[in-house]
Every structure is written in C-alpha cells, then in structure tokens.
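To keep things clear, I will list the structure first and then write my remarks on it.
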Amino acid sequence: MELSSALTLEMLGKPFLLEKRIVLLHAIQEHGSISKAAKAVPMSYKSAWEAVDMMNSLSSEPIVTRETGGKDGGGTTITPYGERLLENYALLKSEHTRFLERLSTLTDIQSGTFKTIERLAMQLSARNQIQAEVLSIVSHNVNANIVLTLKSGQLLSVVITQEAVENLQIEEGQELTAIFKSSAVELKDDRDDGHVNYLEGTISSIEEDEENVKIVVDIGAHDKVVSVMSKKQVAGLVLTEGTRIEIQIKNNDILLGK
C-alpha cells in the first residue's frame, strides 16, 4: 500500500486551495477562458465559477478576475496575487511529497488508525462562506451580538451564544468566516424585522427548475451570496440579471468559523 494525501490549504479554517482548484487555476492561466479551463480540468462551467467565487470570497485579494472588451472580447485571468499563490503552492506541494515519502518509511500504513484519521476531515455543505472582520461585540448573559464588516464595507450582524464567543476567543479586529445556507437568504420588500441583515447587491445569475430558483447576488469586493428559494416565495418579484436587489439574512441563521 502506498501512502498518499491530497494537499489542501485552508483559509480561516475553511478549505481554500484544493488540488482540483489548483488545476483549474492553472487551466485559466493557460487558456484565459473559464469555459476552456473547465473543459480542460474537466468540470462543469457552473462548478468552475462556483469554485472561483469561493476562492475569491475567502481570499483577502482577488485571485481570478473577469475582463470584458478588447480585441478578443475579454476573458478570465489570474491576478498577480493568484500567480504568487500558485508559485507558493508548488513549493508546498514539493515539500508535501517529500514528507509523505519520508513518512511511509517510518509508519505502519497498514494500521487501521489511518482510516480514523481520514474520517476527521470534513467540508461544509453550506454554500455561503464569506470572510469578514469583527467590528464590535456586545455580550449578554446567554447570547452575544457580533457585528462584522464585509470586504465591501457592508455590515453583517450575527447572534451566537456567549459560550461560543469565549470558545472561539473572538475579539474585535479578528478575521472570521460567516457561514450560512443558501436557503437562509431571502428576497423581500419589507423591513419590519430588527433581527434581519439587509445587504445590497447586483444579481449576477439566475437558474431555476420546476420548483426552485437559485439567485447569485454580487454584494461587492468579489463576494457573492447564493439564495435558493421556491418559486412560490419569489412570485411577484421581478428578477433579472444585472439589476440591484436587497437580500435578507436573519442574524441567528449565520454561523461563525475561524
């Protein structure tokens, strides 16, 4: 049996650079097109953009940018910051390979403990994971209200238990990841709930099936929020790509990670 392991880099405790994402970034670098890069990996065009959006959301600087215009009609490019990431990843990958080769000579890889270690790795199914900075903390006996500043400058209020604040050792100025499901993001016309966050953005894409509608909203600074609602929930709303819209997220539907 050969000892092998995929190299994954985390950002704020969340999977950030995985092997397939690195392959995608190299393909974008080579082809200058997200559609051509997706075919080269291979992966779907949709999955490719979701991976790019996730990396840009977790990163302090954009990794991939979309350009429009020009003689070739624009394209998709890796930023200088993204190029440095790829260079550093290549160095880490080389050291990682050397480590595994050395480990295989020292460890009984037939041991069942390796299966236990594998089960400890976990990725979240929540679609929305956004990097933010702690602006303020207001603590009460049971709960605490955390106000976050997103990269766009918009604010996000989160209610978690005081125990969670202490366990995570949350402090002002700290960078955290706000995590929430796509089903927790709603589009409404009312502002009558003081426990709801209101974020402004532009609809970047809309998909639908027989029952549900998926709306991707660009809230600025390369952060995108995904909302999935039933067609009944969005009935009466005029939704078109490129239009400004306001989304709502209840403050107790958001989890925090670091």
- prompt: Could you list, in sequence order, the residues of the stretch 130-183 that are crowded, with 19+ Cβ neighbours inside 10 Å, of a type in the set (Gly, Ala, Ser) and closer than 20 Å to Ala221 by Cβ?
  reply: Ala132, Ser157, Ala178
query: Among the numbered criteria (1) crowded, with 18+ Cβ neighbours inside 10 Å; (2) in contact with a helix residue (DSSP H, G or I) (Cβ under 8 Å, 6 or more places away or on another chain), which single criterion is violated by Lys214?
result: (1)
- request: Sort through Gly236, Gly220, Gly173, Gly153 and tell me the only one that's within 16 Å of the chain's Cα centre (by Cα) and either assigned by TED's automatic domain parsing to the domain that holds Glu61 or not aliphatic (A, V, I, L, M) (or both).
  value: Gly220
- prompt: Does the stretch 26-55 hold any residues that are of a type in the set (Gly, Ala, Ser), over 20 Å from Lys224 (Cα atoms) and either in contact with a Leu (Cβ under 7 Å, 6 or more places away or on another chain) or not assigned by TED's automatic domain parsing to the domain that holds Tyr89 (or both), and which are they?
  reply: Ala37
Helices (runs of 4 or more DSSP H) fully within the stretch 3-103 counting 2 or more residues that are modelled with pLDDT of 75 or more, within 28 Å of Leu168 (Cβ to Cβ) and within 18 Å of the chain's Cα centre (by Cα): 45-58
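The values are calculated or read from the model by the stated rules, or taken from the named source; none is laboratory data. Keep in mind that what you see is a predicted model, and the values were worked out from it rather than measured. Cβ: placed from backbone, ideal geometry, glycine included. Neighbour counts: every protein chain shown.
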